[in-house]
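Below is one structure, written out as C-alpha cells; comments come after it.
The values are calculated or read from the model by the stated rules, or taken from the named source; none is laboratory data. None of these values were measured; they are calculated from a predicted model. Don't worry about glycine lacking a Cβ; one is built from the backbone with ideal geometry, like all the others, and counts go over all protein chains shown. These area figures cover heavy atoms from the full protein model, side chains too; ligands, DNA and RNA do not enter into them. Shrake-Rupley method; radii C 1.70, N 1.55, O 1.52, S 1.80 Å.
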Amino acid sequence: MNKKKWINMIAGYSVIYTIITLLNSILYLANGIYEDPSGNWHELDRAMITLIGVAAFVLCTSSSIKPLILRYVTAYVPSQLLAFVYVWLSGFKEELAESAYRDIWINFTGFFILLSIIHTVASMYKEKNKEKKNKAC
C-alpha cells in the first residue's frame, strides 16, 4: 500500500471512531447516564472493533472479486466472525452483557452495510463520470 492509502485508512478510522464515540456519549447522556459504566475497557473494545471493521472494509474495497456483492460478503463474514471472537475473548476480562453478541452483530452489520452503500454509490458516481469524460473525448 502506498503512503496516501495508509493516510486515508488512518484518517477514515479516526473519523469513524470519533463519530461512534460521540454517538455513544450522546445516547448515554440522553438516558441520564453521565459516566461510561465500562470505563476505559469499553473505549479500547470500541477501538478494536472499529479497527476490525475498517481493516476488513479496506481489504474489501481493494479486492478484485466480482460481483461487488460477493466482494462485500467475502469481507463481511470473516470480519464479523473475528468481531465475535473478540467479544468472546473480552468475556475473560469482564462479564459480558446478556446481549453482547446480538449488540455486536447489529452494530457491526449496520456499520458494514452503511460503508458498503457509500462505497457502491461512490463507485457508481466515479464510473458515470468516467463514461462522461470518455464520451467527451
Could you tell me which of Gly53, Ser116, Ile16 has its Cα farthest along the dipole of the chain towards the positive end, charges placed at Cβ (Lys, Arg +1; Asp, Glu -1), taken about the Cα centre? Ser116
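In square nanometres, what is the average projected area of the Cα convex hull of the range 87-137?
On the way: hull surface 18.0 nm².
The directionally averaged projection comes out at 4.5 nm².
Assuming 0.36 nm per residue, please report the length gained on full extension of the stretch Lys3 to Met124 beyond their Cα-Cα distance.
On the way: separation 121, 0.36 × 121 = 43.56 nm, distance 2.54 nm.
Here the answer is 41.0 nm.
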Euclidean distance of C-alpha centroids, the range 77-125 and the range 1-43, integer Å: 14
Three principal axis lengths of the range 63-118 [C-alpha, angstrom, descending]: 41, 17, 12
Which value in deg cm²/dmol, rounded to the nearest 500, describes the helix-derived mean residue ellipticity at 222 nm for the chain, given -39,500 (n - 2.57) per DSSP H run of n ≥ 4 and division by the residue count? -29500 deg cm²/dmol
By how many degrees, between 0 and 90 and to the nearest 10, does the Cα long axis of helix 39-62 differ from the longest principal axis of the chain? 20
Where is the GNM fluctuation largest for the chain (alpha-carbon springs, 10 angstrom cutoff): Gly32, Gly110, Gly91? Gly32
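Please state the equivalent ellipsoid semi-axes for the range 1-58: what are the square roots of 5 times the Cα gyration tensor eigenvalues, largest first, in whole Å? Could the numbers behind the result be given before it?
Details: eigenvalues 150, 25, 12 Å².
Largest first, the range 1-58 gives 27, 11, 8 Å.
Could you pull out the pairs from Lys66/Lys135; Lys3/Lys133; Lys5/Lys133; Lys66/Lys128 whose alpha carbons sit more than 22 Å apart here?
Lys66/Lys135; Lys3/Lys133; Lys5/Lys133
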Any idea what the dipole of the range 1-115 comes to, in debye rounded to 20, about its Cα centre with Lys/Arg Cβ at +1 and Asp/Glu Cβ at -1? 880
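Go through the range 1-104 and name the GluC sites (Glu not before Pro) that are in a DSSP coil and have 13 or fewer other Cβ atoms within 10 Å of their Cβ.
Numbers: sites: Glu35, Glu43, Glu94, Glu95, Glu98; in loops: Glu35, Glu94, Glu95, Glu98.
In loop regions of the range 1-104 (DSSP not H, G, I, E or B), the sparsely surrounded GluC sites (Glu not before Pro) are Glu35, Glu94, Glu95, Glu98.
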So the compactness index of the chain, its C-alpha Rg divided by 2.2 N^0.38 Å, takes the value 1.25
Treating the angle as unsigned and between 0 and 90°, give the value, to the nearest 10°, between the Cα long axis of helix 100-136 and the longest Cα principal axis of the chain. 20
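Tell me the net charge near Phe111. Cut-off is 13 Å between Cβ atoms, Phe111 excluded, with +1 for each Lys or Arg and -1 for each Asp or Glu. Walk me through the intermediate numbers first.
Details: positive: Arg46; negative: Asp103.
Net charge around Phe111: 0.
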At 1.4 Å probe size, with the rest of the protein present, what percent of the exposed accessible area of the chain is carbon and sulfur atoms? 69
Over all distinct alpha-carbon pairs, what is the Kirkwood Rh of the range 28-81 in angstrom? 13.2
